[in-house]
Each structure stands twice: as C-alpha cells, then as structure tokens.
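Engineer: Can you read through this structure? Questions will come right after.
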Amino acid sequence: MTTPADDATDTWHPDVLGPGYEARTLPMADDDEGPVVATLVRYLPDPTRRPARAVLYVHGWNDYFFQTGLAEYWHGKGAAFYALDLRKYGRSLRPHQTPNYVDDLATYDEDLDAAVHAIHHELGGYARVMLMGHSTGGLVGVLWANRRPGALSGLVLNSPWLELNGSTLTRTLSMPVVHGLARTQPKAPLITTDPGFYARTLLVEHGGEWTYDQTWRPMPFFPVRPGWIQAILAGHAAVARGLDLTCPVLMAAAARSLVLPRWREDMRRADTVLDADLLARRAVQLGPVVTVVRIPDGIHDLTLSVRPARERFYAEVTRWTAAYGWE
C-alpha cells in the first residue's frame, strides 16, 4: 500500500456538515491537470473514544459524502466512521480539474490507500476496517479490495454499479465505440439525457427529504466523458470475469427498479438509476462469501430511502455485521 508520510497531510479542520464532523486533505501525486487531493471526513462527536473498528464510506458518481444519518448509525454501533471524497469529487474538486474524471479506476487506489493508512495511524495498526461503497463507489471498492487482500474485515455495498444497465451484451456492444472516442477525445463531453427523476426523489423542494450542495452534486449531473466510461466498462468486465474477495460481502439493493423515460410517483420507492436485479446476479461473482439483500421500497441510495426502507436497510446491515462484518 501507498503510505504517505504522516506530516504530508493536512490537519483535521471543521467540516461543512457542522458540529462533530471534521475533514482532512490527503495530497495525492499530481496528474496531467496538476495538483490532486482526496478528502477524508470523520464523525467525531466524542473525541475521547478510540474504537478498534472503523468504517470507510465511498460515495457514488456525481456525489460526495453528506449522509449524516449513516455516520450516526455506525457511531451508534461503536465504530469509528470515516468517509472519503475521491479526487475531483465534492470537497476534493479543484478549479483546474475535470469533475469526477479518471481514465482508470485503479487511479483511486492511491486515494483509498491513503485513507486506510490515515485511519490506522489514528486507531492503530490492528484496527479492523470495513469499507462501505455506494454505486460507483461500490465498483471502485470491490476492485480495490480485490487488489488488496487482507486489507478489509468486510465490504458493505449499497446498490453497487457492478454492470451496465442492459447486461454484458450491452457492455460488449458499447465498448468499441467508447474505445474509439476514448483514444481520440477522452475528455469530450458526451450528449446525455437525464430527466432528473432521481434528484426529484431526494430533494426537499421536489417532495423528498434531503438537501445537499448542488455545486458538488449538480442536477442533472457533471458531463459524462469517453475516457471515464471506458474505465467503468473495464471495471464491469473485471467483475463479470469474477473476483476473489477474501472478506465477506453484503450487497444490498432495492427490491425493484423503475428506469423509465416518464415520471411515476412510485419512483420514490424504487431504484431509478440501476437495474437492481442485475446487481444481485453480478454480486455472487465477487467472492465465496456474499450475502444479497433486497430492500422493499428502497431507492438507489438505500440510506436516503423513505424511513421504513432505510430502517430496514440499517437493520439488515446490523444483522449481517453481527455474523460477518468484523471477522
């Protein structure tokens, strides 16, 4: 693992989420656009506590960490909670950078290595670390964990993006076109459409329960670029070939998906982004110990679902963790 010098990272400072939350900048190696950082956030309402267990949360695409209920859940279970805003996302995005962009998901290994190193520096080398990944963060997390056997005690996946909607055939047919564009115009914005249905299920002003920084998580979303899509497809192909994760895995997803061109009110109780059935089929290829849970009325980010669904999700995580999570 990459282990940057302890004095190369910034000190903790108050985070935008308010009391109890602190953030720390993790410098990365420069890339073709210049200086790069990741940002580690911690929830520390009681500085006197020093748990022997920690959870590291990794967000999805066009996203950043703002799910305070998740932090409070893990804190209530006695675990230290950390979240990582990956390079060029959220707190880590800098004006000279292309938002959300990498051309190889292995680039994030540096971010995750630095975050885990920082956690062990705080809690001790024997602290057990569990990684929790949402959507693209789930894909990034499983690929990193596959390259880092023994680094984690467990993996909790919240609607991980393990395959392109439409399955292997869609991915196979898409790859030649994407590869061609990625060679010649890797950062060219592609024309995409987003009816905004997922944001509509979340935001208070559209009937949801949540607020977040829309400069870091814009609607519809930051531009999609060929180099990034190529990296995602390569990650999907690796999952399809099968991984060999050495830690137990919980894959939780919504009970159903509604990926449709027109709004329906019941989209507030379904995944409107990914095919949850396909995620369940892909999950069993991650390793020898995989638990699949489907959450009735869950949406794409299960932690932001309507209260009964998110409480069901947390209950399932609690049950799974008691059996597998800290082994």
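Engineer: In segment 84-104, which residues are open to solvent by 10 Å² or more (accessible area, probe 1.4 Å) and part of a helix (DSSP H, G or I)?
Structural biologist: Arg91
Engineer: Here is a follow-up. Need pairs with beta-carbon distance below 6 Å; first residue within 15 Å of Ser135 (Cα to Cα) and within segment 287-315, second buried (at least 23 other Cβ atoms within 10 Å of the Cβ) and of a type in the set (Lys, Arg); sequence gap 6+ or separate chains.
Structural biologist: Thr303/Arg310
Engineer: Would you tally the residues in segment 65-87 being without any contact (Cβ under 8 Å) to a residue 24 or more places away in the chain and among the hydroxyl-bearing types (Ser, Thr, Tyr)?
Structural biologist: 0
Engineer: When only residues in segment 109-128 that are in contact with a helix residue (DSSP H, G or I) (Cβ under 8 Å, 6 or more places away or on another chain) and surrounded by fewer than 22 Cβ atoms within 10 Å (Cβ to Cβ) count, which is nearest to Leu190 (Cα to Cα)?
Structural biologist: In this case the residue turns out to be Asp109.
Engineer: For segment 56-75, does any single residue satisfy the condition of being open to solvent by 10 Å² or more (accessible area, probe 1.4 Å) and farther than 21 Å from Leu202 by Cα?
Structural biologist: Checking segment 56-75: at least one residue is open to solvent by 10 Å² or more (accessible area, probe 1.4 Å) and farther than 21 Å from Leu202 by Cα.
Engineer: Quick check on my filter: what residues within segment 15-30 are open to solvent by 20 Å² or more (accessible area, probe 1.4 Å), in contact with a Ser or Thr (Cβ under 8 Å, 6 or more places away or on another chain) and over 17 Å from Val116 (Cβ atoms)?
Structural biologist: Within segment 15-30, just Leu17 meets the criteria.
Engineer: Can you give me the ranges of the helices (runs of 4 or more DSSP H) entirely in segment 195-311 with at least 1 residues that are surrounded by fewer than 17 Cβ atoms within 10 Å (Cβ to Cβ) and either more than 17 Å from the chain's Cα centre (by Cα) or not aliphatic (A, V, I, L, M) (or both)?
Structural biologist: 226-241, 276-283
Engineer: With Asp10, Asp46 as the choices, which residue is assigned to a loop (DSSP other than H, G, I, E, B), touching a Leu at 6+ places or on another chain (Cβ under 9 Å) and open to solvent by 10 Å² or more (accessible area, probe 1.4 Å)?
Structural biologist: After ruling out the rest, the residue left standing is Asp10.
Engineer: Sticking with this structure for a sec: For segment 68-93, give me the residue count where each residue is acidic (Asp, Glu) and in contact with a Lys or Arg (Cβ under 6 Å, 6 or more places away or on another chain).
Structural biologist: Of the residues in segment 68-93, 1 are acidic (Asp, Glu) and in contact with a Lys or Arg (Cβ under 6 Å, 6 or more places away or on another chain).
Engineer: Let me ask another. Would you check if Leu181 is more than 18 Å from the chain's Cα centre (by Cα), aliphatic (A, V, I, L, M) and surrounded by fewer than 14 Cβ atoms within 10 Å (Cβ to Cβ)?
Structural biologist: Judged against the criteria, Leu181 is not a match.
Engineer: Report, by residue number, each residue of segment 68-83 that is out of contact with any Leu (no Cβ under 7 Å at 6 or more places or on another chain) and either outside any loop (DSSP other than H, G, I, E, B) or polar (S, T, N, Q) (or both).
Structural biologist: Once the filter is applied, which keeps residues that are out of contact with any Leu (no Cβ under 7 Å at 6 or more places or on another chain) and either outside any loop (DSSP other than H, G, I, E, B) or polar (S, T, N, Q) (or both), segment 68-83 yields Gly69, Leu70, Ala71, Glu72, Tyr73, Trp74, His75, Gly76, Phe81, Ala83.
Engineer: Right, next: Of the residues that make up segment 114-134, is at least one within 12 Å of the chain's Cα centre (by Cα) and in a helix (DSSP H, G or I)?
Structural biologist: Of all residues in segment 114-134, those within 12 Å of the chain's Cα centre (by Cα) come to 131-134.
Going one step further and asking which of them are in a helix (DSSP H, G or I), we end up with none.
So far as segment 114-134 goes, no, none of its residues is within 12 Å of the chain's Cα centre (by Cα) and in a helix (DSSP H, G or I).
Engineer: State all residues of segment 270-327 that are polar (S, T, N, Q), in contact with a helix residue (DSSP H, G or I) (Cβ under 6 Å, 6 or more places away or on another chain) and over 20 Å from Ala151 (Cα atoms); if no residue qualifies, say none.
Structural biologist: Result: Thr272, Thr303.
The values are calculated or read from the model by the stated rules, or taken from the named source; none is laboratory data. From a predicted model like this one, the values you see are computed outputs, not experimental measurements. A quick note on method: Cβ atoms are made from the backbone with ideal geometry, for glycine too, and the neighbour counts reach across all protein chains shown. Heads up: the accessible areas ignore ligands, DNA and RNA and are worked out on the full protein's heavy atoms, side chains in. Shrake-Rupley method; radii C 1.70, N 1.55, O 1.52, S 1.80 Å.
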